Every structure is written in structure tokens, then in C-alpha cells.
Amino acid sequence: MTVISTPQAFNEGQLYVDLRSIFGRSLYLKCEGFNFAGSIKLKAAVEMVETAEREGLLAPGKTLVESSSGNLGVALSMIAASKGYRFLCVTDSRCNLSTRLLMEALGSEVHVIADLDANGGFLGARIDYVRALCASDDRYVWLSQYTNPGNWRAHYRRTAPEIARQFPRLDVLFVGAGTTGTLMGCARYFREWHRPVRIVAVDAVGSVAFGGKPGRRMIPGLGMSMRPPLLDESYVDEVIQVEEADTIRACHRLARRGFLFGGSTGTVVSGATGWLAEHDARDLTAVAIAPDLGERYLDTIYQSTWLEDLYGRDILDSSDEVTAGAESMSPTTARQPEA
């Protein structure tokens with residue numbers, strides 16, 4: 001029996017789904033959504049908050065503020081409620097309604113940015129708002145997930161060792177790239193490990209994180225409208241970019257087999273299964289990280305009107321939803337990281 005007194009004390013880290021029967025490829029999916037925050041962002045949130053407390057930056061009377069497209073905002077809302085802090089999440093219009101309502105239910109304030117930045121995204125505008133807020137009142141404490149080393153340290157200390165314990169013969173790891181905290185923490189850990197592991201970053205088409213061309217991105221979670229300050233491409237062996245249409249198809253394919261995952265997970269799974277289809281993966285041990293679950297996406301990627309309005313009526317067809325094997329999926333675009 002597990003008994004806890006704070007919500008952040010529970011975080012299931014040893015659950016994996018074998019996707020072979022769904023996609024026809026040997027791929028183990030590490031499920032990070034089974035905690036009270038509902039995503040992998042709980043690890044980074046705990047690490048950053050506890051570090052700020054130890055360093056004296058965060059104390060009673062202070063107000064946490066952070067820019068987030070959703071999942072980190074929920075994690076910080078939960079921790080703030082548990083510890084008695086106020087929290088303001090600065091998000092944008094792509095943030096799912098259910099996510100905003102969840103943060104507010106936990107007692108947080110949510111500010112929605114509607115103006116695009118120079119790269120056609122919202123991130124720059126969100127960060128500008130946070131900076132102006134902190135400059136106006138020293139009671140605000142910005143953890144800055146984009147630059148905070150606690151973001152990647154959380155995964156160096158927890159996520160990567162969890163995978164290593166379960167898969168001592170790991171060959172390739174697929175990690176979604178947003179702030180790149182998860183990517184950098186895992187990549188640094190496995191660079192120091194006793195055997196080589198190929199690190200494949202999975203990004204969204206339209207993201208500029210790895211130098212790609214900016215474009216429309218409607219699914220929050222992965223991708224950036226600026227180069228992530230935490231990113232060190234020397235730790236990354238390969239980069240895959242996934243179209244949002246393929247993200248949606250992967251999510252629906254999983255849902256048709258009873259697994260309801262979020263958009264970030266759909267992107268990672270689509271990229272990973274596409275990569276495995278193009279390589280001789282018969283003897284490889286491959287793991288992908290699923291950052292979240294799907295309930296917060298019910299009004300977007302699982303809602304037919306939203307899908308048809310943005311991607312057309314043919315976004316889903318019967319072959320995408322029920323045919324096993326990665327061959328029926330649209331190919332992804334892969335490239336080697338820049339030196």
C-alpha cells in the first residue's frame with residue numbers, strides 16, 4: 001500500500017506499453033502520465049521548485065510565474081496548491097480549455113496571450129509578458145523552464161535511470177523535443193552509460209528548435225518557436241520532424257486499441273515507428289517516452305469538428321485507424337543534427 005501526504009509524492013515511473021501489436025514494430029512506450037499532474041512535467045516542476053526553495057529564491061509571500069503551453073502549468077499549479085504558493089501561468093490560445101480549467105480549479109491564475117511573436121508562435125510574447133511582470137514586482141519568481149538546469153537534471157536523475165534499470169541492453173531512445181529538458185537529461189545520462197545508446201529527438205514540423213522553417217503548429221507540447229537555450233545538439237544523434245497530421249493519426253490509432261494518449265505522445269510514437277520502419281530494427285531494443293495522457297485533448301485532437309476545421313475531412317481514414325503496421329503511416333522527415 002502506498003500512502004502519501006502531498007500529491008507530488010506519487011509518480012509511477014515503471015509502466016511501459018509494448019506497441020508491437022498496434023504498429024507492427026518492437027517499441028516500448030514509457031508512460032509518464034500516471035501522477036496527479038498527468039504528465040512528465042511533474043519531475044521538472046518538483047526539481048525546479050525545490051531548488052528555488054533551497055537557494056532562498058522562493059519563500060512564503062512569493063508568487064510563482066511561468067510560461068507554459070499546458071503540462072508544466074498544471075504541475076506547478078498542483079505543487080503551488082500543495083505548498084501554499086500563489087501561481088500565475090502565462091499561456092496562449094493553443095492551450096486546451098480543459099488544461100486552463102484544471103489550473104484554475106487548483107487555485108492558479110491563468111493569463112492567455114493572443115499575439116503572435118516574430119516567428120509566428122506565441123512563445124516570445126509569453127516570455128516578454130513574464131519578464132515585464134517580474135520587472136514590475138519583485139514578489140514574482142520566474143523558474144524559467146527554458147533556461148533552468150533543473151529542467152534537464154530531473155530527467156538525468158530520474159527518467160533516464162528508470163529506463164536504464166528496465167532496459168540494460170537499450171539501443172535507441174526516442175524523446176520528444178520541446179524545451180529539450182527531457183531530451184538533454186536523458187541524452188547526458190546515456191552518454192555516460194556503459195554502452196552506446198542512439199538518441200533520436202522527435203520534433204514537430206513547424207518548430208524552429210533544430211533550425212527548421214517556422215510554420216503553423218496547433219497541438220501544444222512539442223516544438224518551439226525559438227531555439228531552446230537548454231539544447232546541446234552534440235548529445236543528439238538524429239532529429240525527426242513529424243507532421244501534425246501524423247501525430248493525430250498515431251493518437252487515434254492508439255485510442256482504437258484502448259490507449260488514450262496526448263498529442264506529444266502521438267508525435268513521439270509517429271516519429272519512432274517511422275524511424276523503425278526505415279531501419280533494420282529486428283534486433284534493436286527501442287524505447288520511446290510518452291509525456292502525457294489524452295484526456296486534456298478531448299476537445300481538440302479527439303474532437304471531429306476541430307480536426308475537420310484545421311486539417312480537412314480526410315485527416316482520418318479507416319486504414320490509419322485500424323491497419324496494423326507502421327507502413328500505413330505517412331513517412332516522417334529525418335535529418336542529422338547540425339555540428
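The values are calculated or read from the model by the stated rules, or taken from the named source; none is laboratory data. Note that this is a predicted model, so its numbers are computed, not measured. Every residue, glycine among them, receives a Cβ derived from its backbone with ideal geometry; neighbour counts consider all protein chains shown. For accessibility, only protein heavy atoms count, side chains too; no ligands or nucleic acids. Shrake-Rupley method; radii C 1.70, N 1.55, O 1.52, S 1.80 Å.
A few points about this structure:
- Of all the criteria given as (1) farther than 26 Å from E244 by Cα; (2) more than 18 Å from the chain's Cα centre (by Cα); (3) open to solvent by 10 Å² or more (accessible area, probe 1.4 Å), the one not satisfied by V130 is (3).
- Exactly one residue among T99, T182 is within 16 Å of the chain's Cα centre (by Cα), open to solvent by 20 Å² or more (accessible area, probe 1.4 Å) and among the hydroxyl-bearing types (S, T, Y), and that residue is T182.
- Residues satisfying the stated conditions in segment 175-205, i.e. assigned to a helix (DSSP H, G or I) and in contact with an Asp or Glu (Cβ under 7 Å, 6 or more places away or on another chain): M184
- Count of segment 185-223 residues, restricted to those that are open to solvent by 50 Å² or more (accessible area, probe 1.4 Å) and either in contact (Cβ under 8 Å) with a residue 60 or more places away in the chain or of a type in the set (A, V, I, L, M) (or both), is 4.
- Options L72, L42: the member that is part of a helix (DSSP H, G or I), within 17 Å of the chain's Cα centre (by Cα), surrounded by 24 or more Cβ atoms within 10 Å (Cβ to Cβ) and without any contact (Cβ under 8 Å) to a residue 60 or more places away in the chain: L42
- Residue within segment 22-39 that is open to solvent by 10 Å² or more (accessible area, probe 1.4 Å) and assigned to a helix (DSSP H, G or I) present: no
- Conditions (1) open to solvent by 20 Å² or more (accessible area, probe 1.4 Å); (2) in contact with a Phe, Trp or Tyr (Cβ under 9 Å, 6 or more places away or on another chain); (3) within 20 Å of G271 (Cα to Cα); number of the one not met by Y156: (3)
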